[in-house]
Amino acid sequence: MDRPGLKYSARLVKSGLCEAGAPLFGIMEDGITWSGRIQEEHILEEVLNTLNFGSILFSPTAEPFRSITELLAGEAQPSGSIVPDDTETRTFLHEIPVISAFTPGEIITALKRRKGAIIPGRGIITAGPVTPEQAFVTFSSICFSCYVKFFSDYYYYTRGVKKLPDSAEKIAPQALKAYRSALKNISDFPSAKGPFTSDEAVYAAIVEAGRLTVSSGMVDSFFGNVSALFNDCIYITQTAASLDELEGCIDCCPLDNSSTCAITSSSEYSAHRALYNLTHRRTVLHGHPRFSVIMSLLCDRHECANRGRCHTACTAKRFINDIPVVPGEIGTGPLGLVRTMPAAMMGRGVIVHGHGLFTAGACDFTDAFTSLVDIERMCFEEYCRLVQF
Amino acid sequence: MPINFGRTGRVLLINATERSVSAIETGGDAATFFIGGRGMAGNFLRPFAHLPFDSPQMPLIFMTGPLTGTGAPCSEMLSVMSKSPLTRTVFQFSAGGTFGSELKKSGWDGIILTGKSTSPCGIIIKDSSVTFEQSRFIPEMDVSQRLAFFSTGSAAVTGPAAEYGVLFSSMIFSGDTQQSRGGLGLVMETKNIRYIHVRGSGSVSVHDLEKLTAAGEDILRLVSASPVLTGDHGFSRYGTAALFDLVNSRGMLPCLNFRKTCYDGTDPLNACAYDRLYGTVSYGCTGCDIHCGRRLADGRPVPEYNAMVHLSALTGNTSVERTLLASALCAEKGMDPVSAASTIACYMEITGKSPDECDIVKLLADIALSRGEGELLKSGSLRYAAAASRPELSMSVKGLELPAFDPRGAYGTALSYAVSTRGGCYSDACAISHEILRKPVATDRFTFSGKPRMIRLAEDARSAADSLTVCGNILFAASLEEYARALYAVTGTETTGHDLMLAGERINYNERIMNYICGFTSADDDLPARFFSDPGTPGAGISIPPLDRNKFLEARSTYYRIRGLSADGLPLEKKSLELGLSWTDPD
Ligand SMILES: [Zn+2]
């Protein structure tokens, strides 16, 4: 058997959320197996035995996530929780508990209620009731949501409408600097050229686009979705598929309603389909690039009647330069982004409030992917301008 | 007197022999211990578990949950429990519709029906008033005509199949979309009760309505984000029949009594075929937010997934119209189409009859009215196959015919069929959720590794959900984490997802104890031999080998350990007391 959680530890390190060697996975089968050692192994053992989950993940975070979570946790004390404003939190995490001590009692209390928690001074702990992948996803989501919350708070701080500890003045510039160089280093672009002539070519192009979306850092937890229209079928990534390993995870959904195999496809299948219906695009890419999400959250109309409900109720025609920002929740509900995003796709892309970025291509993924990166770069520079970095 | 938020604290005890009623006050302890619904029903059933299903003392229990009637999403199910004539295990099913909320609005958390009336009668409950009347039904009357007697409130009725002693007779509720499994309709019939009608004028008190609304929004947000439930190809759009194409493409669609696992006929039998041929519209149980049911434009219901597959592919019927006729017949006669069709498939294999030689619609009618071959088949496939000296050809576990997911294509599903307390049922652990629907995460369907714990945890979650009386389908999207918030808002007592899981474990273990009392052992936690000897139908580059017997037994042993059972799958006194359950030695 592989060392438990090996694959997900590697991902946490690769995406810069943890230092090498830091993630500790505990997997409960008949007994508990640990992926490494820490002093307080007995504490986590007690947690796992009490809660009966299949797995647990504990790790200190790497910079800038360490400073960011520490700062937000400090703001949430005593014994509170962090409630970021992004879609990821709203839909799946609901809130991020902050616990005050690395004791079984505190950890158990938090994990009885929610999927993961921040332990100030120590790191993040998350549960994987079914598989270690869940613990990994929650860990990654907590980092992403905290990052987004920090920079949205920091913007209001620079505007003088929100208080933050002095340390924010140090954390923000360092994190921005690091992200700027990461954005600069993106150099791989799709090689598969359209128009596609076979379904093999379509599968290969989707796999490549997914891999690049991950390697360029345009996602959190490796999630997003990718599709292409070919021969009256939408080829689309399956729900909960890791974009860097899409082989075998692409559904072919005929548009003539002859089969229901899209039942496993991405929760945004309906939005992709609507977009193909409304436009002449042939490919769609969707990721969660950080500053596209952060910029979508910023709004100076503090007196707006819809404040706090921007994600569904915003009526303003908002743009970040040429890119529209629309409200909409995940999926097909009455407030779903399927009703807002497709119609807004007039140019390079559309940002869904607090959620992520959709881009579309004319015949392959070259333009869609370039737009994804370009829009994120634009949003980042726009943010830097706003906070005078 | 303190208000019991979310619960009335009273259960109605009806004795059909004496035609008397009384109220049982349920303390707060039992309520938190067993939540409500399935858990509370199990608690009341336990002292009678050793009795035969047709004993007058055997209770037939209807229980609401703490969320019933509160407006929490998908929380209007009713738990019904007794001993199954078909499996002789304890048996629980969840019914949709408004029976539960009407009952609660009448001031009752549940009904315990015991005794046996001397003549067929009905029970009318209106708030605190309970009356018996001579049955208004004429013999052999169709179910839809029976339900039509009750234009207000909600009714539970049996059908002609129960009158003829069909062991898989269902109980039908106004506003529900499905026929129940397990034959509890026959239990009601043995009490000579043909219907219970309930109408309530009260209301259900909620501790914090604002918090409940917020919790409900969190749940509905997840429903909207779920491709299975609300996606373009999901249940809301095509009904549960939406599973047909996916399951078939995975080589898990049982055909011809599980001799094949892929339907490759030229006549399409999938959800889209119904849509194309007739046009369909969605409908659902009253109070449901998913609407997993489907109706044809002419009003006839499209069968749910398992019934649809068994009435077509499993029995070799390739006509959509005949599937509809067969399904309607089961609905009108009041019998479980899954067990009925599987019994016919077993009959066809044993007699060597081809699909062309068998009129499935006629056979179903013969079963319901106990005529001709139907007299042999009305006791289910296991008894029929045993009588024909071919017990191995009954595709059942503990006598409950398997649903439409071939276990060779998903090992967690295989294990869950074997160990479910009610027999061959997938929904107790719903391993197809992660094994083929990728929720909450995708797992490797061709391995037993890790599955025993997943099965145990999923069973605990489902037991808790059935006790909250939440629809099982919601678990494809939301979890007990979100429902704990809803429960907290309703009752005002702090509850976590983990607390609910613990209660779920207790509820499941209690059922294990009852089955143990009834004489069930590990020998019953097993699958038909076919799955260990014959491969499934290969296709799409995948071969489907038979299940490895040793690995299956190893996984089952691990499951027993993780569940806190003995090596033979029997409950243990120590574990039982640990869970706060009383211990009865069956000797
Ligand atoms: Zn997204």
* Structure fact -> Scanning region A:257-286 residue by residue, the ones that are more than 16 Å from the ligand (Cβ to nearest atom) and at the interface with chain B (Cβ under 9 Å from one of its Cβ atoms) total 8
* Asked: In region A:100-138, what residues are more than 14 Å from chain B (Cβ to nearest Cβ) and in a loop (DSSP other than H, G, I, E, B)?
  -> A:Ser100, A:Ala101, A:Phe102, A:Thr103, A:Pro120, A:Gly121, A:Arg122
* Asked: more than 8 Å from every other protein chain (Cβ to nearest Cβ), more than 23 Å from B:Ala486 (Cα to Cα) and charged (D, E, K, R), is that true of B:Arg250?
  -> yes
* Would you please name the residue that is nearest to the chain's Cα centre (by Cα), looking only at residues in region A:196-220 that are outside any helix (DSSP H, G or I) and under 11 Å from A:Gly287 (Cα atoms)? => A:Asp220
* Asked: Quick check, is B:Pro56 crowded, with 24+ Cβ neighbours inside 10 Å and over 17 Å from the mean Cα position of the chain (by Cα)?
  -> no
* Checklist (1) open to solvent by less than 10 Å² (accessible area, probe 1.4 Å); (2) among the small types (Gly, Ala, Ser); (3) in a helix (DSSP H, G or I) applied to A:Ala274, failing item -> (1)
* Positions within region B:466-488 being within 14 Å of chain A (Cβ to nearest Cβ) and touching a residue at least 60 places away in the same chain (Cβ under 8 Å), in sequence order -> B:Asn473, B:Phe476, B:Ala477, B:Ala478, B:Glu482, B:Tyr483, B:Arg485, B:Ala486, B:Leu487, B:Tyr488
* To do: For region B:313-336, state whether one or more residues are open to solvent by less than 10 Å² (accessible area, probe 1.4 Å), in contact with a strand residue (DSSP E or B) (Cβ under 7 Å, 6 or more places away or on another chain), farther than 24 Å from B:Val157 by Cβ and at pLDDT 95 or above.
  => yes
* To do: Only helices (runs of 4 or more DSSP H) wholly contained in region B:351-438 count here; list those with 3 or more residues that are open to solvent by 30 Å² or more (accessible area, probe 1.4 Å).
  => B:381-387
* Structure fact -> Of the candidates B:Thr131, B:Thr152, B:Thr118, the one satisfying the condition of being in a strand (DSSP E or B) and open to solvent by 10 Å² or more (accessible area, probe 1.4 Å) is B:Thr131
* Output yes when any residue across region A:301-310 is within 15 Å of the ligand (Cβ to nearest atom) and under 23 Å from the mean Cα position of the chain (by Cα), and no when none is. => no
* **Among (1) open to solvent by less than 30 Å² (accessible area, probe 1.4 Å); (2) in a loop (DSSP other than H, G, I, E, B); (3) not aliphatic (A, V, I, L, M) - the single one A:Arg11 does not satisfy** => (2)
* A:Gly210 is checked against (1) over 23 Å from A:Ser15 (Cβ atoms); (2) of a type outside the set (A, V, I, L, M); (3) more than 14 Å from every other protein chain (Cβ to nearest Cβ) and fails just one. What number does that condition carry? -> (1)
* Asked: Do any residues in region B:265-286 that are touching a residue at least 40 places away in the same chain (Cβ under 8 Å) and away from every other protein chain (no Cβ under 14 Å) have Cβ atoms under 7 Å from those of residues that are open to solvent by 50 Å² or more (accessible area, probe 1.4 Å) and not in a loop (DSSP other than H, G, I, E, B), where the two are at least six apart or on different chains, and which pairs are they?
  -> B:Tyr283/B:Arg295
* When residues of region A:325-340 are filtered for being part of a helix (DSSP H, G or I) and out of contact with any Gly (no Cβ under 6 Å at 6 or more places or on another chain), how many remain? -> 2
* Structure fact -> Checked against (1) within 14 Å of the ligand (Cβ to nearest atom); (2) in a helix (DSSP H, G or I), A:Thr237 satisfies every condition except (2)
* Asked: Condition test on B:Leu229, is it more than 13 Å from B:Val320 (Cα to Cα), open to solvent by less than 10 Å² (accessible area, probe 1.4 Å) and of a type in the set (A, V, I, L, M)?
  -> yes
* Please work out if A:Ser227 is under 30 Å from A:Leu71 (Cβ atoms), in the same structural domain as A:Asp374 (by TED's automatic domain parsing) and either touching a helix residue (DSSP H, G or I) at 6+ places or on another chain (Cβ under 6 Å) or at pLDDT below 95 (or both). => no
* **Test: residue in region A:149-167 that is farther than 30 Å from B:Glu482 by Cα, surrounded by fewer than 22 Cβ atoms within 10 Å (Cβ to Cβ) and either within 14 Å of another protein chain (Cβ to nearest Cβ) or of a type in the set (A, V, I, L, M) (or both)** => yes
* **Residue that is over 27 Å from A:Leu255 (Cβ atoms), open to solvent by less than 30 Å² (accessible area, probe 1.4 Å), more than 7 Å from every other protein chain (Cβ to nearest Cβ) and within 26 Å of the chain's Cα centre (by Cα), where the choices are B:Thr240, B:Thr261** => B:Thr261
* State all residues of region A:221-234 that are away from chain B (no Cβ under 13 Å) and open to solvent by less than 10 Å² (accessible area, probe 1.4 Å); if no residue qualifies, say none. => A:Val226, A:Ala228
* Asked: Which residue, of A:Ala362, A:Ala344, is away from the ligand (no atom under 15 Å from the Cβ) and either in contact with a strand residue (DSSP E or B) (Cβ under 7 Å, 6 or more places away or on another chain) or outside the structural domain of A:Leu298 (by TED's automatic domain parsing) (or both)?
  -> A:Ala344
* **In region B:134-149, the residues that are surrounded by fewer than 16 Cβ atoms within 10 Å (Cβ to Cβ) and closer than 24 Å to B:Pro403 by Cβ** => none
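The values are calculated or read from the model by the stated rules, or taken from the named source; none is laboratory data. This is a predicted model, so every value here is computed, not measured. Heads up, the Cβs are rebuilt from the backbone with ideal geometry, glycines too, and the neighbour counts pull from every protein chain shown. Note: accessible area is taken over every heavy atom of the protein model, side chains too, but ligands, DNA and RNA are not part of it. Shrake-Rupley method; radii C 1.70, N 1.55, O 1.52, S 1.80 Å.
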